[in-house]
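Asks: One structure, as structure tokens, below. Some questions next.
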Amino acid sequence: MLVYEISALFRMLLITDSMYMFQLLVAMGLRTQADVDERVKIGKLLYQHGADLTVTNTAGQTPLTGCRVVPIRTSLEEYAATK
């Protein structure tokens, strides 16, 4: 399963920068609704494991404001608002 593989990759690489993780998700590319759904699952997994949605990059963007894929951004904003 893609979510498991990505999660294992992050642990293996010891990536702790939340902004980098979310940028990586966007850079992975999207082809279908299933791709969007998988990215949302990954984003939720990262959030559940402590990804900070308030950190900003040098342009002042948070992981969500920097997300150019609207369905992913909207889904993750809604998810974070309920937690």
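The values are calculated or read from the model by the stated rules, or taken from the named source; none is laboratory data. Computed from a prediction, not measured in an experiment: that's the story for all the values here. Virtual Cβ from ideal backbone geometry, glycine too; neighbours counted across all protein chains shown.
Residues are listed down the side, and each one gets a yes or a no for (1) out of contact with any Pro (no Cβ under 8 Å at 6 or more places or on another chain); (2) crowded, with 16+ Cβ neighbours inside 10 Å; (3) at negative phi; (4) modelled with pLDDT of 85 or more:
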{"position": "HIS49", "(1), (2), (3), (4)": "yes, no, yes, yes"}
{"position": "THR54", "(1), (2), (3), (4)": "yes, no, yes, yes"}
{"position": "GLN61", "(1), (2), (3), (4)": "yes, no, yes, yes"}
{"position": "ARG68", "(1), (2), (3), (4)": "yes, no, yes, no"}
{"position": "PRO71", "(1), (2), (3), (4)": "yes, no, yes, yes"}
{"position": "SER75", "(1), (2), (3), (4)": "yes, yes, yes, yes"}
{"position": "TYR79", "(1), (2), (3), (4)": "yes, no, yes, yes"}
{"position": "LYS83", "(1), (2), (3), (4)": "yes, no, yes, no"}
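Asks: When you look at VAL26, is it assigned to a helix (DSSP H, G or I) and modelled with pLDDT of 85 or more, yes or no?
Replies: Spelling it out, it is not the case that VAL26 is assigned to a helix (DSSP H, G or I) and modelled with pLDDT of 85 or more.
Asks: Filter region 30-70 down to residues that are closer than 19 Å to LYS83 by Cα, free of Cβ contacts under 8 Å to residues at least 40 places away in the same chain, assigned to a helix (DSSP H, G or I) and in contact with a Leu (Cβ under 9 Å, 6 or more places away or on another chain), then give me how many there are.
Replies: Here the count works out to 7.
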